[in-house]
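Participant: So that we are looking at the same thing, I have put the structure below in structure tokens.
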Amino acid sequence: MSITRTFACIFLLCLSSGLCAQVAGTTTKIATGEGTLTVKGDSVERFQGVAFDHTRVPTYKEQPLFCGVSVGADLAGALMAQVAKFGQYEAQARFNFKQRYFPVVEIGVGTSNHTSDRTNQTYKVHSPYFRIGGDYNFAHNPVSGNRIYGGVRYGFSSFKYEISGPSFIDPIDGSAMPLDLQGVHSSMHWGELVAGLEGRLWRFIHLGWSVRWKFRFKQKDNAYGNPYYVPGYGDNTDGSCFGGNFCLLIDISDIKNSKKH
């Protein structure tokens with residue numbers, strides 16, 4: 001991992017941790033179908049003007065089965081695509097059931113244009129990928145908008161890449177042979193274990209980050225060895241790798257409730 005990429009990751013994690021802590025300490029008013037919830041941190045202060053005992057937190061059983069849909073984008077991946085060896089432009093749709101269960105669909109485009117300092121070879125790829133899976137919310141309060149979650153993903157990408165570099169000498173006849181591989185096809189299936197935090201930044205705007213351990217299920221072999229980078233997966237020099245994201249999320253159901261009130 002390059003120094004630039006390391007500092008970028010540290011900056012994003014520190015920023016997200018600070019924002020989540022700030023959200024947890026502020027008071028938020030949440031419009032619902034029956035009134036307005038006033039939430040301070042993870043405790044409900046008021047509902048329809050009536051003060052609540054701080055120890056009385058709404059339960060998950062009291063929540064409706066379907067609580068809405070959120071859409072979001074990965075800010076960290078977009079930053080990495082500009083400053084690091086590889087990155088991604090990713091969007092997600094997340095479905096909320098009982099404020100506890102969150103099926104997720106993630107789609108994106110992974111990109112890399114990196115020249116190795118050791119071999120002077122350039123690797124290029126710009127291809128789509130997708131992931132599906134789900135998260136489970138471990139937080140105590142279901143309506144505060146602040147969540148602690150864990151989850152799983154299944155990912156797949158079918159992609160073409162290019163490798164170019166200095167000519168090499170044929171060991172048989174001693175002639176120079178150019179290295180220029182175009183449209184090399186490969187694919188990969190992989191899994192991910194996810195852990196993360198999320199906080200309500202303002203009304204229907206949420207901010208969160210996650211860390212992910214990624215491991216290969218199956219990869220298509222070709223005559224040129226493993227591709228350096230797989231879109232949506234990351235560094236492919238080993239059988240597993242770590243990754244993460246930093247997401248800005250818009251809760252569509254909260255937008256509708258805000259317009260009603």
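Participant: When only DSSP loop residues count, what chymotrypsin sites (Phe, Trp or Tyr not before Pro) in the range 155-245 have their Cβ near at most 15 other Cβ atoms within 10 Å?
Facilitator: Here the sparse-neighbourhood loop sites are Tyr224.
Participant: With unit charges on the beta carbon (Lys/Arg positive, Asp/Glu negative), name the residue among Ser157, His126, Gly145 whose Cα is farthest towards the positive pole of the charge dipole of the range 118-195.
Facilitator: Positive-most Cα among the choices belongs to Gly145.
Participant: List, largest first, the extents of the alpha carbons of the range 124-261 along their principal axes, each in whole Å.
Facilitator: Result for the range 124-261: principal-axis Cα extents of 79, 28, 19 Å.
Participant: In angstroms, what radius of gyration and Dmax does the range 132-178 have, counting Cα atoms only?
Facilitator: Over the range 132-178's Cα set, Rg and Dmax evaluate to 25.6, 73 Å.
Participant: Hey, another quick one. Roughly how many debye, to the nearest 20, is the charge dipole of the range 130-261 about its Cα centre, given +1 on each Lys and Arg Cβ, -1 on each Asp and Glu Cβ, and no other charges?
Facilitator: The dipole magnitude comes to about 1020 debye.
Participant: Summing Lys, Arg as +1 and Asp, Glu as -1, what charge do residues with Cβ under 14 Å from the Cβ of Tyr154 carry, Tyr154 excluded?
Facilitator: +3
Participant: Another question, then. Please state the charge dipole magnitude for the range 189-240, taken about the Cα centre, from unit charges on C-beta atoms (+1 on K and R, -1 on D and E), reported in debye and rounded to the nearest 20.
Facilitator: Computed about the Cα centre, the dipole is about 220 debye.
We did not get these values from a lab; they are worked out from the coordinates using the rules stated. Note that the structure is a prediction, hence the values are computed from the model and not measured. With ideal geometry, Cβ positions are generated from the backbone for all residues, glycine too; neighbour counts draw on all protein chains shown.
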